[in-house]
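The values are calculated or read from the model by the stated rules, or taken from the named source; none is laboratory data. Note that the structure is a prediction, hence the values are computed from the model and not measured. Cβ placement follows ideal geometry from the backbone for every residue including glycine, while neighbour counts extend to all protein chains displayed. Heads up: the accessible areas ignore ligands, DNA and RNA and are worked out on the full protein's heavy atoms, side chains in. Shrake-Rupley method; radii C 1.70, N 1.55, O 1.52, S 1.80 Å.
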Amino acid sequence: MAAKGREHFGSGLAAVMAMAGSAIGLGNIWRFPYMVGQNGGAAFIIIYLLSAFFLSLPILLSESILGRSTHAGTFGAMEKLAPGTKWKWLGFLTVISPLVILSYYSVVGGWSIEYLIKASGSGFGEDITSLFGTFIVRPWAPLVCHTLFLLLTAVIVSAGVKSGIERFNRISLPVLFVLIVVIMVYSLKLPGSGEGVRYLLKPDFSKITPSVAAAAMGQSFFSLSLGVGTILTYSSYMKKEENILTSGVGTAAFDLLFALIAGFAIMPAVFAAGIEPGAGPGLIFETLPYIFAKMGAAAPWLSRGVSILFFLTIVIAALTSSISMCEVGVAYLVEERRMTRGKATALIFLGTWLLGALCSLSFGPLSGVKLFGKTIFDLCDYLTSNYLMTFGSLLFVLFVGWKMKKEAVREEFTNGGLLKGNARLFGFVWFLIRYVAPLVILTIFVTNLIA
Ligand code: TRP
């Protein structure tokens, strides 16, 4: 479809902030700490760091090349570069996958809203550790919070690329960094926090197994929003003169930095309270309110303040990500189906609300409904994190590395030869995209299948 009248991000920095906003989310604050906890601490982090730059960055650049060269959403990009071929199914897949992610992601976003309300209002009550277990099984409250979270997402997206998405990210990103640093300082000052710091810094290489390595790479994909067209779509709003290498490296660097600070905010507190770091997905929801309450006995107002800030951070971080998922579907409906932005957003809202509602209820009334032995929520999470994202990433790098002409890729990567630094690095990046990334992704795929 024609790019006429299409919106653009106002500057290179705005594009980086939007992409970093997409990347920084529940993946950094909720998923990263418990993955580290379950997979051996520092050893996991080292593989994560390596894969961020040598595996995830090439995938991110591939998506950027596809988006920026076509100025179209995922479906339109495939139509433009490979018209009339089976690649259109990749376009389709990457319109659907982010919406599946958005459905269950907004359930967790909803939990964060409920916790924020609790932290700022009545507090967490007496029975803090069982709070999470009793909250998520109730039918109504989580559903209402899920609706609220999705509504906020839809409102921002419907306001447009510049006045909605760009503006929200520009304000939120600096706020997020300030908040997480404040929480980290508080956490590091807790008595007994040193143990947690050691856990994050001292690698035990005997902990590294193929499935730990696959988990680290999977985490890196999730955290950078790869393989489902969010980066592609955001890159399509970048102007021709912007440098996709610097925006990619900037995005990866912000995301890494945020994950590490979040790790140093959460693990020391977990250890200080004597809690098992491998507690799993409930880690921040089950343990943090407890930690805040226990540690804060001496200065209740301080611990209350920090717990409000903490859940506020999670809600904002989740929103900057959820809008990027929503935008993929909206871009498709607006560009390929000629809908108005408002109508497109409403439609996406309805669809994801419905699937999300099923995910939410799958902790309570629908917990008996199982497909392949998993609840609806678990299935959505499992399918997207383990298969759709890796599969989408594989197809993106194969498309750029094998279907596109090398010269066309070089042209886009170097802005027609104008960016000399990029031109020097091109050979290496091309090698990573064409050979290294596909092979490693295939290996992860197989490891996930047999593990
Ligand atoms: N990266 C985000 C996070 O860390 C989540 C996210 C946004 C995402 N867009 C995505 C995950 C697309 C997978 C695919 O929370």
### Message
Can you tell me the orientation of helix 437-450 relative to the chain, as the angle in degrees between its alpha-carbon axis and the longest Cα principal axis, to the nearest 10?
### Response
50
### Message
Cα atoms only: what Rg and Dmax, in Å, come out for region 400-451?
### Response
14.2, 46
### Query
In Å and whole numbers, how far do the C-alpha atoms of region 1-157 stretch along each principal axis, longest first?
60, 40, 34
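Compute the signed sum of charges (Lys and Arg +1, Asp and Glu -1) over the other residues within less than 12 Å, Cβ to Cβ, of Asn386. Mind dumping the intermediate values first?
Numbers: positive: Lys374; negative: Asp378, Asp381.
In short, -1.
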### Task
Run the numbers on region 223-332 and let me know its relative contact order in percent, using alpha-carbon pairs under 8 Å that are six or more apart.
30
### Query
Once the whole set of protein chains is in place, how much accessible area is left on Tyr382, using a 1.4 Å probe, in Å² to the nearest 10?
80
### region 296-417, relative contact order [Cα under 8 Å, separation at least 6], %
9
### Query
Which shape class applies to region 298-451: rounded if a/c is under 1.5, otherwise prolate when a/b exceeds b/c and oblate if not, where a ≥ b ≥ c are the square roots of the Cα gyration tensor eigenvalues?
prolate
#### Entry: With Cα atoms, 0 to 90° folded angle of helix 420-431 axis to the chain main axis
80
### Summary
Taking the alpha-carbon centre of each part, the distance from region 393-450 to region 299-331 in Å is 33
### Angle in degrees between helix 57-70 and the longest Cα principal axis of the chain, rounded to the nearest 10
50
### Task
Express the Stokes-Einstein translational diffusion coefficient of the chain in µm² s⁻¹, to the nearest whole number, given a Kirkwood radius over alpha-carbon pairs, 10 °C and a viscosity of 1.306 mPa s.
72
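Please report, in whole Å³, the volume per residue of the convex hull around the C-alpha atoms of region 160-247. Working shown, then result.
On the way: hull volume 13.3 nm³, N = 88.
Taking only Cα atoms, region 160-247 has a hull volume of 151 Å³ per residue.
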### Query
Which distance in Å, rounded to a whole number, links the C-alpha centroids of region 227-257 and region 85-159?
25
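For region 377-451, calculate the relative contact order in percent as a whole number, restricting contacts to Cα pairs under 8 Å that are 6 or more residues apart. Show your work: numbers first, answer last.
Values: 39 pairs, mean separation 30.5, N = 75.
This gives 41 percent for region 377-451.
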### Query
So how many Å³ per residue does the convex hull of the Cα atoms of region 172-299 work out to?
145
